[in-house]
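Enquirer: What follows is a single structure, and I will ask about it in a moment.
The values are calculated or read from the model by the stated rules, or taken from the named source; none is laboratory data. Keep in mind it's a predicted model, so treat the numbers as computed, not measured. Please note: Cβ atoms are built from the backbone with ideal geometry, for glycine as well, and neighbour counts cover all protein chains shown. Calculation scope for accessible area: heavy atoms of the full protein, side chains included, ligands and nucleic acids excluded. Shrake-Rupley method; radii C 1.70, N 1.55, O 1.52, S 1.80 Å.
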Amino acid sequence: MSEIRPRRSVLAMPGSNARALEKARSLPADVILIDLEDGTAPAAKAAARAQVAAAVAARGFGHREVVVRINPPETEDGEADLVALAPAAPDAILVPKVRTSDALIAVGSRLRRLGAPLATRVWAMIETPMAVVNVAEIAGAARDVDGRLGALVIGPNDLLKASRIRPPGRAALMPWLMNVLAAARAYEIEAIDGVFTDLTDAAGFEAECVQGRDLGFDGKMLIHPSQIGPANAAFGPDAGEIAQARRLMDVFDTPENRGRGVVAVDGKMVERLHVEAARRTLAMAEAIARLSA
């Protein structure tokens, strides 16, 4: 099993907000997503770009993964973003409005030519109908040496607008969400659920987090620090899940069960394939524990 990195909470913040960038260094989010695209006004993009590149290069975000959403790479701002960020080496570059894998491979190739380390991955926003139609092909960029693809991120508001689905529209998007998830799993990359924009509806947000977790998403993109706690709770294993995983591992690890494909655990027949799920649960719990150590 590859190393597990929690991505339960992906907090977006505008790159033009210096105070927010400083505050991000102490927030309990797993991922800090700094936005140079929609979250930064056109007149502020140049200054924000320099500010973000300096903040990323200075590190200081601790265990938090730092991802920067650039402007569309085919634009002048997008190219300038890549030039500024390549030497700063964020954990990932989030590419907006992805429609095919070609865009991701082009970004990865550009990062290589700019000298960005291989550790800087590329994430893709799935926020157009064309992206949904091509999602398997997009996810396949994970297998290309220049693809660098590490995650697919849902952009629900753009999907609703482009598809003319009336909000809230979550139910209508469900088949598309599952297609994205299937593509991510097929190519062994992460899948991040999209934002919940009603900050006055805490119960609705928590319910959507639980739904996203049950669907199989690895975490959720957030728009406010108040959403971090519920997202971390929903997308991380709870005490009961951890105890059950340990119980299952213990049962399969006994001498009499090591060669068996199916055993009874607490009155239920459990297949050995569930051992891998239990192992991942425990690895995730250990990774989360290290974050707060």
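Enquirer: Give me the angle, in degrees from 0 to 90, between the Cα long axis of helix 101-113 and the longest principal axis of the Cα atoms of the chain, rounded to the nearest 10.
Expert: The helix 101-113 is inclined about 70 degrees to the chain.
Enquirer: Give me a comma-separated list of calculated 3J(HN,Hα) values for segment 80-91, in order, Karplus coefficients 6.51, -1.76, 1.60 applied at θ = phi - 60°, integers in Hz, x for any Gly or Pro.
Expert: 5, 4, 5, 4, 6, 8, 3, x, 6, 6, x, 5
Enquirer: Per residue, how much accessible area does the chain have with a 1.4 Å probe, in Å²?
Expert: I get 47 Å² per residue for the chain.
Enquirer: Amide H to amide H, which residues 5 or more places from LYS220 or on other chains are under 5 Å from it, using H placed in the peptide plane?
Expert: When sequence neighbours closer than 5 places are left aside, the close amide H contacts are SER9, VAL10, ASP193.
Enquirer: Where the accessible area of segment 193-290 is counted over protein heavy atoms with a 1.4 Å probe, how much of it, in %, is carbon and sulfur?
Expert: Answer for segment 193-290: carbon and sulfur cover 54 percent of the accessible area.
Enquirer: May I ask you to evaluate 6.51 cos²θ - 1.76 cosθ + 1.60, the Karplus curve with θ = phi - 60°, for each residue of segment 215-232 and list the ³J(HN,Hα) values in order in whole Hz, giving x for glycine and proline?
Expert: Using θ = phi - 60°, the values come out as 5, x, 5, 8, x, 9, 7, 10, 10, 8, x, 5, 8, 5, x, x, 5, 4 Hz.
Enquirer: Can you order the peptides 214-223, 29-38, 173-182 by their average number of other Cβ atoms within 10 Å per residue, highest first?
Expert: 29-38, 214-223, 173-182
Enquirer: Further question: Please state the charge dipole magnitude for the chain, taken about the Cα centre, from unit charges on C-beta atoms (+1 on K and R, -1 on D and E), reported in debye and rounded to the nearest 20.
Expert: 280
Enquirer: Additional query: Which residues in segment 72-111 place their backbone N less than 15 Å from a point set 7 Å from the Cα of VAL133 along the Cα-to-Cβ direction?
Expert: From segment 72-111, the list is 98-101.
Enquirer: Follow-up. With unit charges on the beta carbon (Lys/Arg positive, Asp/Glu negative), name the residue among ASN232, ALA50, PRO117 whose Cα is farthest towards the positive pole of the charge dipole of the chain.
Expert: PRO117
Enquirer: Turning to a different aspect of this structure: Sort the following peptides by mean Cβ neighbour count (other Cβ atoms within 10 Å, averaged over residues), highest first: 196-204, 229-237.
Expert: Packing order, densest peptide first, comes out as 229-237, 196-204.
Enquirer: Let me ask something else about it. Percent of accessible area on segment 1-92 owned by carbon and sulfur, 1.4 Å probe?
Expert: 54
Enquirer: So which aspartates and glutamates pass the test for LYS23, namely a Cα distance under 17 Å, with those fewer than 8 places away in the same chain ruled out?
Expert: The qualifying aspartates and glutamates are ASP35, GLU65.
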